[in-house]
Protein chains: 2
Amino acid sequence: MPTQEQMKSTLQAYVDGFNSGDVAAVTGLFADDAVVVDPVGNPPMEGRAAIDEFYGNAVSAGAKLSLDAPIRGSHGDRAAMAFTVTVPGMRVRVIDVMTFGADGKIVRMEAHWGPDDVES
Amino acid sequence: MPTQEQMKSTLQAYVDGFNSGDVAAVTGLFADDAVVVDPVGNPPMEGRAAIDEFYGNAVSAGAKLSLDAPIRGSHGDRAAMAFTVTVPGMRVRVIDVMTFGADGKIVRMEAHWGPDDVES
């Protein structure tokens, strides 16, 4: 299991990757067979091709992430963060929960945001 | 499935129940067969007796909750919040994710906080 520091560094790298427009820096944090659920309640996106497409679109759209509070760890294989994502003309309040594999890659990402968490 | 407003109101009631020291107001938000994982990585606590004991102890210890950012919903049956819990001599940064049943009761609570998220 990765350490607290490794998991938190990975979440920070995810934020930094968005903010520098570096999609490979974001997608490289994920295992090839990772599952992304964004938002929770929508069908999961599974595997490398789906993840590359999803984050390629998000970074291309100019999404920038700002942490609302320090990243949290756990006593297991998860870390979580509350942030606001800004894309031109829209802001969304989100809480992401990431689950990690033994090698430190993200194996599951679940993004919690609802219709009421979007401001245009 | 409960509405966004119902789920967010329930999370706010959870915070308010702690802050008024009303353990029944907190435990009454949970289904009788709910599962509480606090922190993630520790064994789950399951069912009414375990939940009543856990929250009875937490409220008795004087735990007070302060939201770090607005409560998030989802496009499904979950809501989440980032907050700081203060007990005498200690502060803990937490992200809770709650899953709801059709009747609006919490059926699962997962608290994300690690050893590094505790300040004494």
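Rounded to the nearest 0.05, what FRET efficiency do B:N19 and A:S60 give with R0 = 30 Å and r taken as the Cβ-Cβ distance? Could you check? Computed FRET efficiency for B:N19 and A:S60: 0.10.
To the nearest ten degrees, helix A:48-60 and the longest principal axis of the Cα atoms of chain A are 40 degrees apart.
For helix A:4-19, what angle does its Cα long axis make with the longest principal axis of chain A, in degrees from 0 to 90 and rounded to 10? Helix A:4-19 sits roughly 30 degrees off the main axis of chain A.
Placing dummy labels 7 Å off each Cα toward the beta-carbon, the span from A:V87 to B:D52 is 4.8 nm.
Averaged over the residues of peptide B:75-87, the number of Cβ atoms from other protein chains lying within 10 Å of each residue's Cβ is 5. Any idea what % of Cα-Cα pairs in chain A are farther than 17 Å? Taking all Cα-Cα pairs of chain A, the fraction more than 17 Å apart is 53 percent.
Atom-type composition of the exposed protein surface of the stretch B:4-119 places 52 percent of the accessible area on carbon and sulfur (1.4 angstrom probe). Remark: mean inter-chain Cβ contacts per residue of A:100-111 equal 1, using a 10 Å Cβ-Cβ cutoff to other protein chain atoms. Accessible surface buried by the B/A pair amounts to about 2500 Å², both sides summed, 1.4 Å probe.
The sum of -39500 (n - 2.57) across all DSSP H runs of n ≥ 4, divided by the residue count of the protein assembly as shown, sets its helix-only mean residue ellipticity at 222 nm to -8500 deg cm²/dmol.
Based on protein heavy atoms only, chain A ends up with 42 Å² per residue of surface accessible to a 1.4 Å probe. Position B:N42: other-copy label points at 3.5 nm, ordered by increasing distance, label point 7 Å along Cα→C-beta.
The values are calculated or read from the model by the stated rules, or taken from the named source; none is laboratory data. If you're wondering where the values come from, they're calculated on a predicted model, not measured in any experiment. For neighbour counting, all protein chains shown are included, and Cβ atoms are generated from backbone atoms with ideal geometry for every residue, glycine included. Quick note on the areas: whole protein, heavy atoms, side chains included, nothing else; ligands and nucleic acids left out. Shrake-Rupley method; radii C 1.70, N 1.55, O 1.52, S 1.80 Å.
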